[in-house]
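First the structure, in the form of structure tokens, and then the observations on it.
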């Protein structure tokens, strides 16, 4: 009789472990899928933005501000890898956490300026926020540079 109880207990533990494993796999799959959706959105956004960024002299600020008057600038550099996005400034620092630069809902958010900074970049320091995406978009490529190297270049 004791062996039947032990077997039943072992089966219960195995079933519980199996269920927990399935829940864990589901959570990982969901989170991975969400990250992939964010990355795909950002890739589409980057392609979309090329129409506004022909050259420094021909930059179409009016077109950007007609889409969203919160556009205050653009961040762009080529190294450590390409970072090239409009900068927005909302009424609060939460405004663009889950909105793209156009103001549409987007889990990946946008690159945005701290609400306390001057829109004309006249402060001694301007704080910009943005996600560090896994695939390297937005500020994700910065992880390729070592802090020492970045500080030497500034």
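The values are calculated or read from the model by the stated rules, or taken from the named source; none is laboratory data. Everything quoted here is computed from the prediction, not taken from an experiment. Virtual Cβ from ideal backbone geometry, glycine too; neighbours counted across all protein chains shown.
Computed values, structure above
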| item | result |
| --- | --- |
| Any chance residue 79 is modelled with pLDDT under 65 and under 14 Å from the mean Cα position of the chain (by Cα) | no |
| Residue that is modelled with the highest pLDDT [pool: residues in region 82-99 that are surrounded by 21 or more Cβ atoms within 10 Å (Cβ to Cβ) and either at positive phi or part of a loop (DSSP other than H, G, I, E, B) (or both)] | 89 |
